[in-house]
1. Checking Q267 against (1) in contact with a Pro (Cβ under 9 Å, 6 or more places away or on another chain); (2) at pLDDT below 90; (3) surrounded by 16 or more Cβ atoms within 10 Å (Cβ to Cβ), which test does it fail?
2. Name every residue in segment 242-264 that is over 14 Å from I189 (Cα atoms), charged (D, E, K, R) and either at pLDDT 95 or above or crowded, with 19+ Cβ neighbours inside 10 Å (or both), in order of residue number.
3. Hey, any hits in segment 125-135 for a residue that's touching a strand residue (DSSP E or B) at 6+ places or on another chain (Cβ under 6 Å) and among the acidic types (D, E)?
4. From the list E227, E173, which one is modelled with pLDDT of 95 or more, farther than 21 Å from C9 by Cα and either among the acidic types (D, E) or in contact with a strand residue (DSSP E or B) (Cβ under 7 Å, 6 or more places away or on another chain) (or both)?
5. Would you mind finding the one in P89, P94 that is surrounded by fewer than 17 Cβ atoms within 10 Å (Cβ to Cβ), closer than 28 Å to V13 by Cα and within 19 Å of the chain's Cα centre (by Cα)?
6. Just for segment 118-172: of the residues that are polar (S, T, N, Q) and touching a Phe, Trp or Tyr at 6+ places or on another chain (Cβ under 8 Å), which one is nearest to E262 (Cα to Cα)?
7. Which numbered condition in (1) over 14 Å from E3 (Cα atoms); (2) aliphatic (A, V, I, L, M); (3) not in a helix (DSSP H, G or I) is the only one that L90 fails?
8. What pairs come out if I take residues in segment 92-111 that are among the polar types (S, T, N, Q) and pair them with residues that are crowded, with 22+ Cβ neighbours inside 10 Å and in a strand (DSSP E or B) whose C-beta lies under 6 Å away, six or more apart or interchain?
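The values are calculated or read from the model by the stated rules, or taken from the named source; none is laboratory data. This is a predicted model, so every value here is computed, not measured. Cβ placement follows ideal geometry from the backbone for every residue including glycine, while neighbour counts extend to all protein chains displayed.
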Amino acid sequence: MCELFALSCNKIVNISFSFTKFEARSHTNPHGWGVGFYRQHPEGYPYATIIKEPIPAYESIFKDFLKTKIRSNIFISHVRRASGSVHVPLNTHPFELMLDPRPDTPREKSWIFAHNGTISGIKRNEKFKSPIKTHGNTDSEYAFCYIINQLRIRYRNNNYNLTPQEKIETIKEAADTIDDHYPKSLNFIMSDGHRVYAYYSGHNATGGLWYLERKKPHKELEIHDTEDGMTLKLQKSEDEKATLVATKPLTSENWKKLKPRELIVLQNGEQIQNLKK
């Protein structure tokens, strides 16, 4: 299938340590890889940059650049094992859509999404048809369009505004609706540039969905990068907080598994909400 990784932090950081562990999983997920991260526009809103290719991550010319040069407080990454759609960039995760369709505002223009699971039949189901069109032809992006459209309907009805709580409730309701029709097929991570939303449907073929909270006192960890032979140490400032999400634990730390139909919401490195079944 595929594997997911996300990080939320209260500091601007790189992901050299975690991505080195995650990248190794592209050997069993060779059909594409991608990472999305956020930067702050001078006008004050977050915007996503996405790097993705329809090749294994370990073959990419960008992997070392990503480990050493890219810094953000939100990362979402995906390695792909295709279940039907062709291996092209438009079918490679993460995907990006805008919530606010108005051309004269920069607000809510940069939501990103990555998915693990196979939602067989969703593209033929009238219930999940959306006026938002996919760029590729994956069931994953189709589900993303449905979730964003549910948010957009509420956004428009609220005079183009959604509180964080309204976003969380709408995402949970849309995800549960898909899970009602296609059980255990929708593990995903998504972000609006402020928060990370992680949903576990119960799809367990590749490990499920796990999260790890890192806060002081920080453990000393190190890993050996088999690609370049270097040893990497996990270095944290004393006041740094981070929460990681992954399909399978990346380290020997105390990872916790989400429960089926559980949505966790992360902001500035901490879990701010947990919605269960």
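1. If we test Q267 against (1) in contact with a Pro (Cβ under 9 Å, 6 or more places away or on another chain); (2) at pLDDT below 90; (3) surrounded by 16 or more Cβ atoms within 10 Å (Cβ to Cβ), just (2) comes out false.
2. Answer for segment 242-264, where residues must be over 14 Å from I189 (Cα atoms), charged (D, E, K, R) and either at pLDDT 95 or above or crowded, with 19+ Cβ neighbours inside 10 Å (or both): K256, K257, K259.
3. Step one: of segment 125-135, the residues touching a strand residue (DSSP E or B) at 6+ places or on another chain (Cβ under 6 Å) are none.
No, segment 125-135 has no match at all.
4. Numbers: E227 fails: modelled with pLDDT of 95 or more.
Selected residue: E173, the only one of E227, E173 that is modelled with pLDDT of 95 or more, farther than 21 Å from C9 by Cα and either among the acidic types (D, E) or in contact with a strand residue (DSSP E or B) (Cβ under 7 Å, 6 or more places away or on another chain) (or both).
5. Working: P94 fails: surrounded by fewer than 17 Cβ atoms within 10 Å (Cβ to Cβ).
None of the others qualify; the one that does is P89.
6. Here is the first cut: in segment 118-172, the ones polar (S, T, N, Q) are 118, 120, 125, 130, 134, 137-138, 140, 149-150, 157-159, 161, 163, 165, 170.
With touching a Phe, Trp or Tyr at 6+ places or on another chain (Cβ under 8 Å) added as a condition, the list becomes 120, 130, 134, 140, 161.
Details: S120: 21, S130: 24, T134: 26, S140: 19, N161: 25 Å.
That would be S140.
7. Unmet condition: (3).
8. Close Cβ pairs (under 6 Å, with a partner that is crowded, with 22+ Cβ neighbours inside 10 Å and in a strand (DSSP E or B)) amount to T92/G34; T92/K52.
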